[in-house]
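Inspection log for the structure reproduced underneath, given as structure tokens.
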Amino acid sequence: MRTTGWPRRAGTRARSTMAAAALAGVAASALGAAPAAAQEQAPAARPAEPAGVEEIVVSARRRDERLQDVPAAVTAFSSDTLRNLQAGSIGDIESATPNLTIHVGDASNAVIYMRGVGQIDSLAFADPGVGVYVDDVYLGRAQGAFLDVYDVDRIEVLRGPQGTLYGRNTIGGAVKFVSKPLTDAFGGEAEATVGDYGLFQAKASVNAPLVGDRLIAKAAVARIGLVTGSLNDQTNVSYAVYGQGAYKLTDRLSLTAGLRYTYENKDFSRSQKYFAATTPFPVPYGAPGLLATDISTSHDWASWSPKLGLDFHWTPDVLAYASVSRGFKSGGFDGRANDAAGAKPYNPETLWAYEVGIKSTLFERRLTANAALFWNDYRDLQLSSFVADAHGGFAALFTNAGQATMRGAELELVARPVRGLTLNLVTGYLDGRYDRYIGPGGVDISRQRKLVNAPRWDVKLGGTYRFDLGERGAITVGADAGYRSKTYPTVSSSEVLAQKGYTLVNAFARYDSPGAKWWLQVGGKNLTDRRYINQGFDLSDSLGYQLAYYGDPRTVSATLGVRF
């Protein structure tokens, strides 16, 4: 569920959000670039659409290179593509990326799964399985990571372990926000959006040179929300040495090798007190009371994570690659533990990932076709579930459940058959299963469970057409339809909460003035008003009910924007 201004359907709960926390603020940079170089990035009149498919430069391997030259499964969205997706938040790139699930969780946390790897628990003690980066700064917790899409130059989605190039806990992959660059010219953008259900949003960004081309400030402001707190205290100290390099064996064959060593230590403490009903509110924690929980413990872990890959350019426009890598996600402690027995450390997750793929640009750049096959051997999955205790009451269980295997395929096609028309097809296939799942009482329940947020199929077909009006500007229209097969949003694999296959349809129309100085866009999402579940809690064992969170209903909106 997105946390925009739309109200929820009955049965959902409103949530606060820090979607703009990583985007709101002021960034300053001392630049030594020559004025001419900086001017190349200044806003300019929008050029006519090229005849071929848009070429995107990414920094997925920590250096700028063409997306089609990166020997790994990466999906990249330019600012124009994000506009055409009507992307207001990170969740709007879900259906446009194969084998990706993104939605906001119950505590404003970002629930992100790639190829069946992720973390659904909303408490801060549970490390994410997919890292989120804003301008290469790692967001260490899922809380507040469900970001708005604004003032973004591009978003890169890197699938598979990323430990040799990025930070900790990227066992499943990484989502990377890249902000629009600073320039030595004053300028900015502003936009306002209105829609049904009383929606109103205002966003703005300003770029201002303060001292010539050597000190530039930029501010981007969107929505600002709140963060909930926790009674737990978990301190994490992580040390890592990692690196990756590529060596050209021949003019067309390259070897990539990387290695990461990680050492982590976590200190966990938790205390709870009961106070008399007559105690004045707010209750000072130091006041006399019954100490019910008093836990203090620590543990450490270490891991080596290698990566090895080969890539071969059959032609300048056709690249084939193969890689093997190991991912690692830190162990920790159950933040809901009420005694020392429950606070025993759980083990880290590890994953061996095997991938082969091909990237091609064909027919004089009128078609890009990228495909990948992968096989993941996943060990010590960290899973959170809700069960009944010995007395039939509520209990939360966070454990290493066992192991799983994920194998699948991905296909991404972008075609530009004629000038102005762009067609897209994204397909993901995922065959995932538990090989072992040790449940309550030490019983293997792997045959009774399905992987969380791992639909077997996801498919999206879309297209845009830009009518060039010459001196009168341009009109762009677009539509897309995305299908996801049956999905289990809970660890319990509840059939009540399982979401059967469904399709969402979106469409938009936009007018850009001459020189793209202002624009007006109207659009609609979920036009068929499909009701679908994307988050849930199975509390049937203890409390006797199950709780479902639904995605947004049909929504329509209009946005007016200006550049200056």
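The values are calculated or read from the model by the stated rules, or taken from the named source; none is laboratory data. In this text the structure is predicted, and so the values were computed from the model without any measurement. No Cβ is skipped: glycine too gets one built from the backbone with ideal geometry, and neighbour counts run over all protein chains shown. Surface accessibility is based on the protein's heavy atoms, side chains included, excluding ligands, DNA and RNA. Shrake-Rupley method; radii C 1.70, N 1.55, O 1.52, S 1.80 Å.
With each run of n ≥ 4 DSSP H residues scored as -39500 (n - 2.57), what mean residue ellipticity at 222 nm is computed for the chain after dividing by its residue count and rounding to the nearest 500 deg cm²/dmol? Mean residue ellipticity at 222 nm (helix-derived): -500 deg cm²/dmol.
Taking only protein heavy atoms into account and a 1.4 Å probe, give the accessible area per residue of region 68-175 in Å².
For region 68-175, the solvent-accessible area averages 17 Å² per residue.
Across the chain, the mean sequence separation of Cα contacts (distance under 8 Å, 6 or more residues apart), normalised by length, yields a relative contact order of 14 percent. Rounded to the nearest 20 debye, the dipole size of region 326-472 about its Cα centre is 480 debye, using +1 on the Cβ of Lys and Arg and -1 on the Cβ of Asp and Glu. Please work out the Cα center distance from region 433-501 to region 311-348, rounded to the nearest Å. Going from one Cα centre to the other spans 21 Å. If you plug the beta carbon distance of Tyr465 and Ala320 into 1/(1 + (r/R0)^6) with R0 = 30 Å, you get a FRET efficiency near 0.35. Looking at region 311-400, the chymotrypsin sites (Phe, Trp or Tyr not before Pro) that sit in a DSSP loop and have at most 15 other Cβ atoms within 10 Å of their own Cβ are Phe363.
Could you give the length gained by full extension between Ala246 and Ser513, i.e. 0.36 nm per residue of separation minus their alpha carbon distance, to one decimal place?
91.6 nm
For the chain, the dipole from Cβ point charges (+1 on Lys and Arg, -1 on Asp and Glu) about the Cα centre works out to 660 debye, to the nearest 20. For region 135-226, relative contact order (Cα pairs under 8 Å, six or more residues apart, normalised by length) works out to 22 percent. Simple rule: put +1 on each Lys or Arg Cβ and -1 on each Asp or Glu Cβ in region 75-129, find the dipole, and look at Ile90, Ser79, Leu123; the Cα lying farthest toward the positive end is Ser79.
Averaged across orientations, what area in nm² does the convex hull of the alpha carbons in region 275-328 project? Approximately 9.6 nm², given one-decimal rounding.
A probe of 1.4 angstrom, applied to the heavy atoms of all protein chains, finds Lys359 with accessible area near 10 square angstrom. Expressed as a fraction of 2.2 N^0.38 Å, the value expected for a compact globular protein of N residues, the C-alpha radius of gyration of region 326-475 is 1.57. Taking amide H atoms as placed 1.01 Å from N in the peptide plane, the amide H of Thr293 lies under 5 Å from those of Gln272, each 5 or more residues away in sequence or on another chain. Bridgeable lysines around Lys525 (alpha carbons under 27 Å apart, same-chain partners fewer than 8 residues away excluded): Lys176, Lys180, Lys203, Lys460, Lys486, Lys500, Lys517. Couplings 3J(HN,Hα) of region 96-105, computed from phi: 8, 10, x, 6, 10, 10, 9, 8, 7, x Hz, in residue order, whole Hz [Karplus 6.51 cos²θ - 1.76 cosθ + 1.60, θ = phi - 60°; x for Gly and Pro]. Maximal additional length on extending the Asp377-Arg554 stretch stands at 59.8 nm, based on 0.36 nm per residue less the C-alpha distance.
Short-range pairs are left out: with C-alpha atoms under 8 Å and at least six residues apart, the relative contact order of region 94-176 is 28 percent.
Sorting the segments 190-201, 170-181 by their residues' average number of neighbouring beta-carbon atoms within 10 angstrom, most packed first, yields 170-181, 190-201.
Separation of region 149-193 from region 506-557 is 22 Å, based on Cα centroids.
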